[in-house]
Amino acid sequence: MRVLLTNDDGINSPGLRALAETFAAHHETAVVAPEHERSATGHAITLHKPLRAIRYPAYPPGIVAWSTNGTPADCVVLGVGELLGYRPDVIVSGVNVGPNLGLDLTYSGTVSGAMEGAILGIPSLAVSVTSFVDVRFDVAARFAESLARLMVAHRLPDDVLINVNVPNLPAERLKGIAFTRQSNRRYLSRLEKRTDPRGRSYYWLTGEREPTNDQEGTDGWAVANGYISVTPIHLNMTDDRLLEVLRTWGLTVP
Ligand code: MN
């Protein structure tokens, strides 16, 4: 397969490197990634300043890599539209340091890389390890490689992507694979107000995950119970239930 890899932790991230080495053992592998960390950029794209991409030599031979000043979504657009010179068979975003569960997906740069791939009609997956300390990438990278093969073999529906979260455990301690729904767990946005040296107020966002237990069958439940979570995600955000309700409200053109 011809594979495009990206991430939101930046081109130097060990998670991206592990992914690149795992894929390059079997596939033609290209990397297009942000020059520095762009976590929690959501699906931002760059419209108001130039985008630049430079070849990044610090990857093992056989892996073609570019570093860009763009977001993960920009990287996918640049890679597919220009840099690679071919249309990749599959796009993989990650391996992210830290989970992308529940409503994280709205903020996630990792997921947005895969989402941009899906918008371009290319099978795409996002993969994260659910820990920020002593992160091991080997299981996540190998799982992403086997899932990517199956995604290409099975032809996905249009406008979907797959979001994978892997507990930070050696393979033999994982319970298995759970096919899950996205949970509704939010962040309690703790806004810290501080004072700068000139006496002016500033604010620092420090989200903390809601302390509720995720329902069985959700992504958060799966990883908390030692399973690799695999969630199919639909790009179309229409709520069909509310669509029907809105029709009953009697709204008229004023
Ligand atoms: Mn990240």
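For region 107-254, the Cβ-based charge dipole about the Cα centre amounts to some 420 debye (Lys, Arg positive; Asp, Glu negative; other atoms uncharged).
Only alpha carbons enter this Debye calculation for region 65-131, each as an equal point scatterer, and the log10 of I(q)/I(0) it gives at q = 0.17, 0.24 Å⁻¹ is -0.57, -1.04.
The peptide list 42-50, 225-233, 113-121, put in order of mean Cβ contacts within 10 Å with the highest first, becomes 113-121, 225-233, 42-50. Sites counted here are trypsin sites (Lys or Arg not before Pro) in a DSSP loop (not H, G, I, E or B) having no more than 11 other Cβ atoms within 10 Å; the longest part of the chain that contains none of them is 1-154. In a simple Cβ point-charge model (Lys, Arg +1; Asp, Glu -1; nothing else charged), region 3-81 has a dipole of about 200 debye relative to its Cα centre. Simple point charges give the picture: +1 on the Cβ of Lys and Arg, -1 on the Cβ of Asp and Glu, and for the chain a dipole about the Cα centre of about 420 debye. As a calculated quantity, the FRET efficiency between residue 36 and residue 241 at R0 = 35 Å, using C-beta atoms, amounts to about 0.30. Among residues other than residue 139 with Cβ under 12 Å from its Cβ, the summed charge is 0 (Lys and Arg +1, Asp and Glu -1). Quick one: of the DSSP bridges fully inside region 18-82, what percent are antiparallel, nearest 5? Antiparallel: roughly 35 percent of the beta bridges in region 18-82.
Its DSSP H runs of at least 4 residues, each contributing -39,500 (n - 2.57), put the calculated 222 nm mean residue ellipticity of the chain at -7000 deg cm²/dmol, to the nearest 500. Among beta bridges identified by DSSP and lying wholly in region 1-145, the antiparallel ones come to about 15 percent. Looking at the chain, the DSSP beta bridges with both ends there are about 40 percent antiparallel. Here the chain is described by how far its Cα atoms reach on the three principal axes: 60, 54, 47 Å, from widest to narrowest.
Amide H contacts under 5 Å for residue 159: none, restricted to partners 5 or more places along the chain or on a different chain, H placed in the peptide plane at 1.01 Å from N. For region 32-38, putting each phi into the Karplus relation 6.51 cos²θ - 1.76 cosθ + 1.60 with θ = phi - 60° gives couplings of 10, 9, x, 5, 9, 4, 10 Hz, in residue order, rounded to whole numbers and with x for Gly and Pro.
Among 202, 56, the order by Cβ neighbours within 10 angstrom, fewest to most, reads 202, 56. Region 120-194 and region 103-118 have Cα centres lying 11 Å from one another. Taking the average, over residues, of other Cβ atoms within 10 Å as the packing measure, peptides 96-109, 23-36 rank 96-109, 23-36 from highest down. What does the C-alpha gyration tensor say about the overall shape of region 103-254? Classify as rounded when a/c is under 1.5, otherwise prolate if a/b is larger than b/c, or oblate. Taking the square roots of the gyration eigenvalues as a ≥ b ≥ c, region 103-254 is oblate.
Need the full-extension length gain, residue 45 to residue 173, defined as separation in residues times 0.36 nm minus the C-alpha distance. One decimal, nm.
Gain on stretching residue 45 to residue 173: 42.2 nm.
Since every read-out is calculated from the coordinates, none of them should be taken as a lab result. Keep in mind that what you see is a predicted model, and the values were worked out from it rather than measured. Here Cβ is always computed from backbone atoms with ideal geometry, including for glycine, and neighbour counts include all displayed protein chains.
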